[in-house]
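*Asks:* There's a structure below that I have some questions on.
The values are calculated or read from the model by the stated rules, or taken from the named source; none is laboratory data. Note that this is a predicted model, so its numbers are computed, not measured. Positions of Cβ are generated from backbone atoms using ideal geometry, with glycine treated the same way; all protein chains shown enter the neighbour counts. Calculation scope for accessible area: heavy atoms of the full protein, side chains included, ligands and nucleic acids excluded. Shrake-Rupley method; radii C 1.70, N 1.55, O 1.52, S 1.80 Å.
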Amino acid sequence: MSTTQALVEQLKGQLKAAGITYARLAGELGLAESSIKRMFSRGEMTLARVDEVCRVLKIDFAELARGVADAQPLLRELTQEQERAVVADRQLLLVAICCMSQWTVEQMLASYRLKEPAVVRALSQLDRLGIIELRPMNRYRLKVAKTFRWRPHGPVMNFFREHALTDYFSGGFDGEGELLMLVHGEIGRSLAALFNERLQRLAQDFAQQHLADQRLPDDQKRPYTLVIGMRSWLFAAFRDFEKRG
């Protein structure tokens, strides 16, 4: 969809939300209702005309543009090139992960030995990569979906397999709020997809709770990392015992 078409679609939604009919808009702009209908049906409108419609709606162009940006489809995963760029710089990867958790710049500076100019440069780079939309006052809008995941065999997951998994699983998982379970069994193929959906909902609940608990005092919060996995797999140490038909 072109930028002009996206603006027109956003204006349609704003008019509907405000209860302004094409007939009323035509009267406000001094045009025939048929001209208004034709303009919206064709999706063709000059920026000057967009400004006139915004005036009727009592919104400014910046607010309209934000609405267009917010309506864009969100990314469920990045491209290989995007991930490669993120993982090539450890500081950029850290800021990217903070953004995925919707941390503010203030939270990043309070938690890590980072300088504000470096964080702002990282945010600008993430904006160029299409991962966030950087806004005034170093605020940003995340452009990835709630169901976002790193590519299963992409640069970021490969980085974590090499550098993070051993460190993560070396813990005892016996601290407050910690848990490690290994469950093995055979289930129907159709049920595997159902369990995956449940696990995805659990991950989304965890992410939503993280956002909700941002208001809590620091002494009432503790960082946790949730790792969820499910695959058809036989431990390598047991493969020599497997019967092969």
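*Asks:* Any idea how many residues of segment 78-106 are under 17 Å from the mean Cα position of the chain (by Cα) and small (Gly, Ala, Ser)?
*Replies:* Result for segment 78-106: 2.
*Asks:* Do you know which residues across segment 107-130 are over 18 Å from the mean Cα position of the chain (by Cα) and either open to solvent by 50 Å² or more (accessible area, probe 1.4 Å) or farther than 24 Å from Phe160 by Cβ (or both)?
*Replies:* Leu109, Ala110, Ser111, Tyr112, Arg113, Lys115, Glu116, Pro117, Val120, Arg121
*Asks:* Do we find that Gln91 is open to solvent by less than 60 Å² (accessible area, probe 1.4 Å) and of a type in the set (S, T, N, Q) in this structure?
*Replies:* Here the answer is no, as Gln91 does not meet what is asked.
*Asks:* Within segment 58-73, is there a residue that is open to solvent by less than 20 Å² (accessible area, probe 1.4 Å) and more than 20 Å from Leu15 (Cβ to Cβ)?
*Replies:* Within segment 58-73 (the criterion being open to solvent by less than 20 Å² (accessible area, probe 1.4 Å) and more than 20 Å from Leu15 (Cβ to Cβ)), the answer is no, since none of the residues qualifies.
*Asks:* Give, as residue ranges, the helices (runs of 4 or more DSSP H) completely inside segment 131-245 that count at least 2 residues that are out of contact with any helix residue (DSSP H, G or I) (no Cβ under 9 Å at 6 or more places or on another chain), open to solvent by less than 90 Å² (accessible area, probe 1.4 Å) and of a type outside the set (Phe, Trp, Tyr).
*Replies:* Qualifying helices (runs of 4 or more DSSP H): 189-212.
*Asks:* Only one of (1) over 22 Å from Ala6 (Cβ atoms); (2) among the basic types (Lys, Arg); (3) modelled with pLDDT under 85 fails for Arg66. Which number is that?
*Replies:* (1) is the only condition that Arg66 fails.
*Asks:* Suppose we filter segment 22-57 for residues that are more than 18 Å from Gly67 (Cα to Cα) and either open to solvent by less than 80 Å² (accessible area, probe 1.4 Å) or touching a residue at least 12 places away in the same chain (Cβ under 8 Å) (or both); how many remain?
*Replies:* Looking only at that region, the number is 18.
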